[in-house]
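The values are calculated or read from the model by the stated rules, or taken from the named source; none is laboratory data. Given the structure is predicted, the values throughout are model-derived calculations rather than measurements. Backbone-built Cβ (ideal geometry, glycine too); neighbour counts: all protein chains shown. Please note that ligands, DNA and RNA were not included when accessible areas were found on the heavy atoms of the full protein model with its side chains. Shrake-Rupley method; radii C 1.70, N 1.55, O 1.52, S 1.80 Å.
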Amino acid sequence: MGLQAGKRLGTYEILSPLASGGMGEVYRALDTKLGREVAIKVLPDRLAQDPEALARFEREARAAAALSHPNVLGIYDFGRDGSVAYAVLELLDGTTFREWFAAGPLPPRKAAEAMIGIARGLAAAHARGIVHRDVKPENLFRSRDGGVKILDFGLAKHEPAAAADLATAGATEPGVVLGTVGYMAPEQVRGLPADARSDIFAFGAILFEAIAGHRAFQRDSNAETMVAILKEEPPELPEETRGLAVPLDRIARRCLEKDKEERFQNARDLAFALEAYAGYVRPSADSPSGKPAAAGRRSVAVLPFQDLARDEPDPDLGLGLADATITELALLRSLLVRPTAAILSYRTRTVAPEEAGRALGVDAVVVGSFQRAGARLRVTVQLVRSEDGEPLWASKIDTSLDDIFAMQDQVSRRIAEALEVELTASDERRLSRSVQPVAGAYALYLKGRIHLLDETREQVNAAIDAFERAREIDPSSALPVLGLADAYARMAFTFDPDGGWYERAVAMSERALAIEPDLPEGRYIRGRLLWSPQRGFDHAGALTEFAAAAAGRPSLNEAHHWMASVLLHIGMFPEAEVEFGRALAINPLDLIALVHTGLLRLCEGRFPEA
């Protein structure tokens, strides 16, 4: 076709050519109405008269327009000018992944961070029933600012899909081979229906290429390449690219399973696996502490709140207020929060906030005090920088034992603001979804949680009593029921294995999740109950639950710890080390996680590190 500069398509003026491909030619253009530059994709002459090509071109435009996601190329308009069909797209500045890969293997962390965005974009597409069917490096774009986008939905299939059945979203008709050789899934090679898991296979091929520096199934001819996809495994990573790339290689190979039932079943789980990797920094061999750290996350600890009256009949209220604040802050993905277990020693000793912050290895410390008059509380909260003791934020809050949730929400948002932590949309959803128990029930729930911090039989029984009283006050709340599930599980696993506690724990766990299905601690408890002798150590089921718990409450170190324990027991050592690293980044005092990290390094033959 070769449109010339100055040519008009509707209100768009062609400026210069950008690229061309089998499904269209792309030009830089000026939107004369809005005064902005855009990209315009038009069908070439040889396809302009083909009804099937026109339909496919329109489908690409509609598929892209159905999505509004930062990792999917935006589409502004679609139209025809005489015999020319065109789509108006956002103008990008950067390179395709194919051009990016030309320089050789990517550093593992950079590869993971880029592919996280692609996984999120695919998850958004699959959630709307859109399967790309031609994911390849030429269709992935990296902007100069580091952002990534999925391009070219020219082979996309759009069929409305139920959220519960994303794996089969947009399945193609059998007998039609679509895609690009080298990135097609085995089912596409065979002409069988393609679904979201076919995109995941292509994703795995690209991830492998990013870290290996060569394609997973590159052969001398297309026919030989397709045979390799059907019959052969990807080669081992080159020796010089191993090390931190090994966990990514495991993820890529999981995507590249021949049987689509053995792959990641949705792109959201794939994104989570990559986020778990990207959030972990392997400590250097000469690190004096050997403790891994989290990358790119601000850290905070909440010390027990001090009772200014010093005659409070409930001596654990200050620790309960701290625990409630910790639980709320742990919802924020960009904030690393020390768990309540890590701050217990500060219950009985007073130190300067900055001293505690440095000892706990955090950027800032939350200190608080309270005065109680009946059910009313006057709470003073201050955020102090660990480096120099500089106050970053302070506030006085009048609240009550029946309205602690409102205080938690206000404090969490102000702390995030003071630490310059941006709340994402998912953070906002997590912060807003908790349901507050009725009067008195939450205070009893906090009392029960404090009892469970000291795991003796006497304390567990005291926790059961507190949770049962809270449940009597508010039967509709999931929290007391969840507390009972936790306490019953501890009785079953530690004190009385044959006392029927396991069955009661399962019943309470399922009841809590029936009330609040996405409750992270509920998913964690369910995972613990699945990974037990009574359930035959259901590895897959437990991993699913632990991953969901960690996604819902990113600083829930127990979820990362137990996920790592399962991975260790099934021999997935690199993945286990990543998760133990995340658990230790949250709680460096998790001594069992340190022991298990040493054990897995021993199993891998890394004796000095062990």
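Annotations
- Residue check for VAL246: without any contact (Cβ under 8 Å) to a residue 40 or more places away in the chain, assigned to a helix (DSSP H, G or I), open to solvent by 40 Å² or more (accessible area, probe 1.4 Å) and not small (Gly, Ala, Ser): no
- Within the stretch 442-460, the set of residues being without any contact (Cβ under 8 Å) to a residue 24 or more places away in the chain, part of a helix (DSSP H, G or I) and open to solvent by 50 Å² or more (accessible area, probe 1.4 Å) comprises just one member, GLU458.
- Filtered residue count, the stretch 80-137, keeping only those that are outside any loop (DSSP other than H, G, I, E, B) and either without any contact (Cβ under 8 Å) to a residue 60 or more places away in the chain or open to solvent by less than 40 Å² (accessible area, probe 1.4 Å) (or both): 35
- When ARG376, ARG385 are checked against the criterion of being under 20 Å from TYR445 (Cα atoms), touching a residue at least 24 places away in the same chain (Cβ under 8 Å) and open to solvent by 60 Å² or more (accessible area, probe 1.4 Å), a single residue qualifies: ARG376.
- Residue within the stretch 168-181 that is over 30 Å from LEU9 (Cα atoms), open to solvent by less than 50 Å² (accessible area, probe 1.4 Å) and at pLDDT 80 or above present: yes
- Contacts under 9 angstrom Cβ, first residue in the stretch 599-610 being assigned to a loop (DSSP other than H, G, I, E, B), partner acidic (Asp, Glu), 6 or more apart: GLU604/GLU577; ALA610/GLU604
- Odd one out for MET572, checked against (1) open to solvent by 20 Å² or more (accessible area, probe 1.4 Å); (2) touching a strand residue (DSSP E or B) at 6+ places or on another chain (Cβ under 9 Å): (2)
- In the stretch 517-537, the residues that are farther than 23 Å from LEU270 by Cα and open to solvent by 60 Å² or more (accessible area, probe 1.4 Å): PRO533, GLN534, ARG535, PHE537
- Number of the condition not met by ALA470 [criteria: (1) in a helix (DSSP H, G or I); (2) among the small types (Gly, Ala, Ser); (3) under 31 Å from the mean Cα position of the chain (by Cα); (4) modelled with pLDDT under 95]: (3)
- Residue list for the stretch 493-508, filter: touching an Asp or Glu at 6+ places or on another chain (Cβ under 9 Å) and at pLDDT below 95: THR494
- Pairs meeting the criteria (first residue in the stretch 217-228 and outside any loop (DSSP other than H, G, I, E, B), second residue at pLDDT below 90 and among the acidic types (Asp, Glu), beta carbons under 9 Å, at least 6 apart or on different chains) are lacking.
- Failed condition for ILE473, given (1) surrounded by 21 or more Cβ atoms within 10 Å (Cβ to Cβ); (2) closer than 20 Å to SER400 by Cα; (3) among the hydrophobic types (A, V, I, L, M, F, W, C): (1)
- The residues listed here are ARG582, ARG535; of these, the one that is under 19 Å from the mean Cα position of the chain (by Cα) and of a type outside the set (Phe, Trp, Tyr) is ARG582.
- Here ALA507, ALA540, ALA564, ALA514 are screened, and the one residue that is surrounded by 21 or more Cβ atoms within 10 Å (Cβ to Cβ) and among the small types (Gly, Ala, Ser) is ALA564.
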